[in-house]
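Here the structure is laid out as structure tokens; the discussion comes afterwards.
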Amino acid sequence: MSFQAYLDNIKAKTGHGPEEFKKLAEAKGFMQKGVLVKTVKATEITNWLKEEFELGHGHAMAIYAAFKGKTE
């Protein structure tokens, strides 16, 4: 599955794309001004996405990758 397909599936399931998730992550304190806070671990973010949005691990990691700047 391509990275974009992961993002498309996430959007279909949650109604949120990477930009919306970035805003939500900022509200949770995981990001500041669009940049991941250095002390935040990937596990914290993936656990949040799994619990709050019922994403699987691969989909949660795709959002984390988008937070880190991956676009493809």
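Looking at residue 70, is it in contact with a helix residue (DSSP H, G or I) (Cβ under 8 Å, 6 or more places away or on another chain), basic (Lys, Arg) and outside any strand (DSSP E or B)?
yes
Take segment 13-49 and flag every residue that is closer than 20 Å to residue 2 by Cα and in contact with a helix residue (DSSP H, G or I) (Cβ under 8 Å, 6 or more places away or on another chain).
13, 14, 16, 17, 18, 21, 46, 49
Out of all the residues in segment 20-27, is one or more in contact (Cβ under 8 Å) with a residue 12 or more places away in the chain, under 12 Å from residue 67 (Cβ atoms) and in contact with a strand residue (DSSP E or B) (Cβ under 8 Å, 6 or more places away or on another chain)?
The answer is yes; a qualifying residue exists.
Restricting attention to segment 9-32, does a residue exist that is crowded, with 17+ Cβ neighbours inside 10 Å, touching a Lys or Arg at 6+ places or on another chain (Cβ under 7 Å) and assigned to a helix (DSSP H, G or I)?
Within segment 9-32 (the criterion being crowded, with 17+ Cβ neighbours inside 10 Å, touching a Lys or Arg at 6+ places or on another chain (Cβ under 7 Å) and assigned to a helix (DSSP H, G or I)), the answer is no, since none of the residues qualifies.
If residue 65 meets every condition in (1) of a type in the set (A, V, I, L, M); (2) in contact (Cβ under 8 Å) with a residue 60 or more places away in the chain; (3) surrounded by fewer than 12 Cβ atoms within 10 Å (Cβ to Cβ) apart from one, which number is that one?
Here residue 65 clears every test but (3).
Looking at segment 41-60, which of its residues are crowded, with 17+ Cβ neighbours inside 10 Å and without any contact (Cβ under 8 Å) to a residue 40 or more places away in the chain?
Matches in segment 41-60: 45, 46, 48, 49, 60.
Tell me which residues, restricted to segment 1-34, are at pLDDT 95 or above and in contact with a Phe, Trp or Tyr (Cβ under 9 Å, 6 or more places away or on another chain).
Matches in segment 1-34: 10, 13, 14, 16, 21, 22, 24, 25, 28, 30, 31.
The values are calculated or read from the model by the stated rules, or taken from the named source; none is laboratory data. In this text, all values refer to a predicted model and were calculated from it rather than measured experimentally. No Cβ is skipped: glycine too gets one built from the backbone with ideal geometry, and neighbour counts run over all protein chains shown.
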